[in-house]
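Take a look at the structure set out below.
The values are calculated or read from the model by the stated rules, or taken from the named source; none is laboratory data. All values reported here derive from a predicted model rather than from experimental measurement. All Cβ positions, even for glycine, are placed from backbone atoms using ideal geometry, and neighbour counts span all protein chains on display. Surface areas here come from the heavy atoms of the whole protein model, side chains and all, with no ligands, DNA or RNA. Shrake-Rupley method; radii C 1.70, N 1.55, O 1.52, S 1.80 Å.
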Amino acid sequence: MTSKPSADLSLNASWIVPVVPKGRVFHNCSLLIKDDTILGITPTDNVNEQYAVEKHIDLGEQLLMPGLINCHGHAAMSLLRGYADDLPLDTWLKQHIWPAETRWVNEDFVADGTRLAIAEMLLSGTTCFSDMYFFPETAARIARDTGMRCQITFPVLDFANNWSRDADDAIHKGLQLRDKYRSHPRVEIGFGPHAPYTVSDAALRRIATYAEELQAPVQIHLHENASEISACLENSKKRPLERLNELGLISPLTQCVHMTQLDKTDLDILKTNGAHVIHCPQSNMKLASGTCPSARLLAEGINVALGTDGAASNNDLDMFAELQTAALLGKHAAGDPGAVDAQTALEMATINGAKAMGIEHRTGSLEVGKQADIIAIDFSSLPALPLYHPLSQLVYTGSGSRVSNVWVAGEQLLNNFTLATKIGPEEIKNVALKWQNTIQTSRGQTA
């Protein structure tokens with residue numbers, strides 16, 4: 001007699017949306033987990049016949065899907081949420097954000113801000129995030145200790161800042177950090193050259209060489225607004241993407257963030273080199289930076305993923321809100337209600353993000369053998385009823401507030417809307433309010 005395979009956990013739900021295969025929805029099925037890995041999906045009535053299950057969790061009128069992947073952000077900037085709003089990008093950065101960062105950003109700021117960001121992301125269904133910010137070793141440590149999956153891209157700038165003296169110093173420190181986490185199952189370290197206008201040709205060439213040798217990801221702010229394009233054309237007679245391509249930086253390892261200003265030559269470069277685009281619709285709309293032509297990019301076969309950007313320019317880290325905005329803006333920009341449909345928006349926030357980070361073999365969909373990065377959404381509340389099409393309901397009805405449970409690599413980090421004790425929500429709240437008081441006092445403000 002053949003013994004049944006063992007499973008640590010059976011998650012029984014009304015609906016399961018695996019994302020891959022495309023458009024599939026399982027009804028009244030169970031997701032089986034062993035250690036940190038997905039074993040399979042099977043009808044709930046058949047679970048005990050097929051598996052020896054240690055624990056069952058009956059979720060009732062809930063939907064299971066892969067955790068969302070936030071492909072671009074600056075986690076610690078959660079402590080600057082609402083610090084400066086309703087301003088154009090250059091004014092926002094140069095007159096408000098950069099001076100504030102110069103004064104306040106240190107290891108404690110990054111640790112406290114990253115904890116706050118992780119808590120917010122988990123509460124709204126994000127299980128993996130990409131971060132580009134100062135003191136990346138601190139962000140990596142916080143993510144590791146809380147159990148979050150992440151890609152930490154260490155910032156590279158030519159000029160001195162709170163973390164590094166110059167680009168060479170940043171690359172040296174970053175390579176040490178990558179070596180420290182090279183075997184970690186949830187933490188990936190990559191290069192984060194800030195933008196074409198803050199990093200020299202020499203530094204970008206070095207990054208391109210190291211990235212290719214190490215097969216390490218590269219993330220860069222690129223084509224963020226029209227003034228960036230104009231300045232680059234004036235200085236180098238080339239568009240930013242063209243310049244980076246000639247320096248060898250555009251490849252399947254490259255994650256191009258924002259990309260609101262694109263012409264046919266840009267599209268050809270992206271498509272030919274297999275680079276990825278990280279679309280941040282809410283931040284771009286709020287700063288009036290422009291609109292990424294996501295539907296056109298996808299039609300050209302270019303991988304498009306989603307990011308929230310930092311909470312200082314969004315002002316939240318809710319990826320469900322982001323994918324809803326991406327779907328609506330994509331339709332509006334294309335003049336086509338069928339552009340960026342619900343399934344496509346979900347893919348942009350899950351499997352496309354995994355592809356952009358080079359971790360699609362681990363996460364991004366609920367497939368056998370992948371890591372158990374899973375979220376549950378409660379569809380029993382009145383604003384979620386009636387429910388005709390689960391995919392549409394996920395995308396168009398504000399699902400972030402309905403995330404009830406979260407697992408990362410099989411470890412439960414959100415249980416029935418409550419963060420795990422290792423996250424420490426009350427402590428995070430108190431620390432955030434302490435930073436608010438400190439920063440407001442320095443500006444002569446009161447709450």
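On a per residue basis, segment 81-122 carries 46 Å² of accessible surface, using protein heavy atoms and a 1.4 Å probe. Protection proxy ranking for 113-122, 391-400, 357-366, 150-159, using the average of other Cβ atoms within 10 Å per residue and placing the highest first: 113-122, 150-159, 357-366, 391-400. Annotation: aspartates and glutamates with alpha-carbon distance below 17 angstrom to residue 55 (same-chain offsets under eight excluded): 8, 35, 36, 45, 411.
Got a number for carbon plus sulfur as a percent of the chain's accessible area, 1.4 Å probe? Ligands and nucleic acids excluded, carbon and sulfur reach 50 percent.
What the Cα convex hull of segment 1-121 gives, in volume per residue, is 166 Å³. Judged by the mean number of other Cβ atoms found within 10 Å, the most tightly packed of the peptides 27-35, 174-182 leads the ranking 27-35, 174-182. Residue by residue, segment 149-163 carries 3J(HN,Hα) couplings of 8, 7, 10, 9, 9, 6, x, 10, 9, 5, 9, 5, 8, 5, 10 Hz when phi is fed to the Karplus relation 6.51 cos²θ - 1.76 cosθ + 1.60 (θ = phi - 60°); x denotes Gly or Pro.
Listed peptides 57-65, 186-194 appear in the order 186-194, 57-65 once ranked by packing, highest mean of other Cβ atoms within 10 Å at the front. When only alpha carbons are used to place a centre, segment 366-432 and segment 65-121 end up 23 Å from one another.
Output the 0 to 90 degree angle, nearest 10, between the alpha-carbon long axis of helix 136-146 and the longest principal axis computed from the alpha carbons of the chain. Once rounded, one gets 10 degrees.
Computed from phi, the 3J(HN,Hα) profile of segment 296-309 under the Karplus parametrisation 6.51, -1.76, 1.60 (θ = phi - 60°) reads 5, 4, 5, 5, 7, x, 8, 6, 10, 10, 10, x, 8, 6 Hz, with x in place of Gly and Pro.
Name the residues of segment 76-119 whose amide N is less than 19 Å from a point 7 angstrom out from the Cα of residue 159 along the C-beta direction? Inside the label zone: 88-106. Normalised size of the chain, defined as Cα radius of gyration per 2.2 N^0.38 Å with N residues, equals 0.96. State, as an integer percentage, the relative contact order of segment 278-374 based on alpha-carbon contacts under 8 Å between residues 6 or more apart. RCO, segment 278-374: 24 percent. Near the amide H of residue 152, within less than 5 Å, lie the amide hydrogens of 131, 188, 189, 190, all on another chain or at least 5 residues away, with H placed in the peptide plane.
In straight-distance terms, cross-link reach from residue 271 covers every one of the lysines whose alpha-carbon lies under 16 Å from its own, apart from those fewer than eight places away in the same chain; here that gives 355.
If you run the Gaussian network model on the chain, springs between alpha carbon atoms under 10 Å, then out of 380, 78, 164 the most flexible one is 380.
Need one word for segment 221-299: rounded, prolate or oblate. Basis is the Cα gyration tensor (sqrt eigenvalues a ≥ b ≥ c); a/c below 1.5 gives rounded, then a/b vs b/c decides. Spell out each step's value before the answer.
On the way: a/c = 1.78, a/b = 1.11, b/c = 1.60.
Note, shape of segment 221-299 comes out oblate.
Where the centroid of each part is defined by its Cα atoms, how far is segment 129-191 from segment 21-56 in Å? Taking the Cα centre of each part, segment 129-191 and segment 21-56 sit 36 Å apart. Computed from the alpha carbon positions, the gyration tensor of segment 369-439 leads to an equivalent ellipsoid with semi-axes of 29, 19, 10 Å, biggest first.
Could you size up the charge dipole of the chain around its Cα centre, putting +1 on the beta carbon of Lys and Arg and -1 on that of Asp and Glu, and report it in debye to the nearest 20?
Numbers: 37 positive and 51 negative charges, 39 e Å.
The dipole magnitude comes to about 180 debye.
Note: relative contact order over the chain, using C-alpha pairs below 8 Å and six or more positions apart, is 20 percent. Rounded to a whole number of µm²/s, how large is the Stokes-Einstein D of segment 147-228 at 37 °C and 0.692 mPa s, given Rh as the Kirkwood radius over C-alpha pairs? For the chosen part, D equals 249 µm²/s. Expressed to the nearest 5 percent, the antiparallel share of DSSP beta bridges inside the chain is 45 percent. Compared with the dominant principal axis of the Cα atoms in the chain, helix 264-273 is inclined by about 60°.
Between the Cα long axis of helix 107-123 and the first principal axis of the chain there is an angle of about 40°, rounded to the nearest 10.
Taking each DSSP H run with n ≥ 4 as -39500 (n - 2.57) and averaging over every residue of the chain yields -10500 deg cm²/dmol at 222 nm.
A Förster radius of 25 Å combined with the Cβ-Cβ distance from residue 195 to residue 145 puts the calculated FRET efficiency at roughly 0.25. Of the whole protein surface, residue 389 contributes about 120 Å² of accessible area at a 1.4 Å probe radius. In this rough spin-label picture, where each label sits 7 Å from Cα along the Cβ direction, the residue 236-residue 58 distance is 6.2 nm. Cross-link partners for residue 238 among the lysines, with Cα-Cα distance under 18 Å and sequence neighbours closer than 8 places in the same chain left out: 264.
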